[in-house]
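This report refers to the structure that appears directly beneath it.
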Amino acid sequence: MNIVLLKNRSDDFPIIVQQKQILKYAHHHDLKINTTEIENSDPTLELEERKEFKGFLRSLSKHDHIIIFDLFTFSKNVEELVKIFECLLTRSISVHIADVNVCIHVDTKPLVLLDLLVKQRELNKKLDKEKAQGRPKGRMSKSKFDTYRPQIIEFLESHTSISEIAKILHVSRTSLKDYVNSRGLKELVKAKITLLQSSQKQPLTLTKSQATKECSLIKQPIDQTEGLHHEL
């Protein structure tokens, strides 16, 4: 299964930029995209606090391929990135990083991954310095609509209007419209459609033989409230 993981973010790499680079990478390496996921949690948090992302990790099967734009999609923190890669590589899950045209898999030389992590650490230092000098990147504030976000995306995918969505959710149309625009949800939905339009839809079903090995990060039983559902 080839899974694209997009990160809804507010820096210089919005969804449309991620989409174009990932499509370019997938085409170059002849990778057919089977499904697309969206990662919404704060990348500065520790993994133990990111229930949605942990649910995504649990949903993966052995030998899956994850395609991301850059390491920031997983986490900003290098120590957390180490945890994530350990969890994925112990289950033979490959990670394709489109921005640097690199694939990290179980047979990758350690120095390749180490180089990426060192560069991420240097980037973090640069961003922290800019922040200290009064030039921080924007960051999304929490919204009461965050709990409705998966539903809103599903409605947008089915071409439901903002007015209809507001009626269904019993919320203000103006406030909902502002939320959709500020989060770039329409652009996100368009990106998902574009990424999947040339790929054959495949059902996500795990057989007993496909069950993944557990790592320390996901050893707890799956909580249905934590998982991302695959958007096919």
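A few comments on the model shown:
- Pairs beyond 18 Å (Cα-Cα), from Lys51/Lys142; Lys20/Lys83; Lys7/Lys125; Lys76/Lys119; Lys76/Lys125; Lys7/Lys142: Lys20/Lys83; Lys7/Lys125
- Intensity falloff of region 5-59 expressed as log10 I(q)/I(0), Debye formula with alpha-carbon point scatterers, at q = 0.18, 0.24, 0.30, 0.31 Å⁻¹: -0.73, -1.02, -1.15, -1.18
- Shape class of region 1-118 from the alpha-carbon gyration tensor: rounded, with the ratio a/c of largest to smallest axis under 1.5.
- Å² of accessible area per residue within region 63-118, as computed with a 1.4 Å probe and no ligands counted: 41 Å²
- 16 Å Cα-Cα reach of Lys126 towards aspartates and glutamates, excluding residues that sit fewer than 8 places from it in its own chain: Asp11, Asp12
- Mean Cα-pair separation over length for region 1-92, i.e. relative contact order, pairs under 8 Å, 6 or more apart, %: 38 percent
The values are calculated or read from the model by the stated rules, or taken from the named source; none is laboratory data. Remember, it's a predicted structure, so these values are computed and weren't measured experimentally. SASA here: full protein model, heavy atoms, side chains in, ligands and nucleic acids out. Shrake-Rupley method; radii C 1.70, N 1.55, O 1.52, S 1.80 Å.
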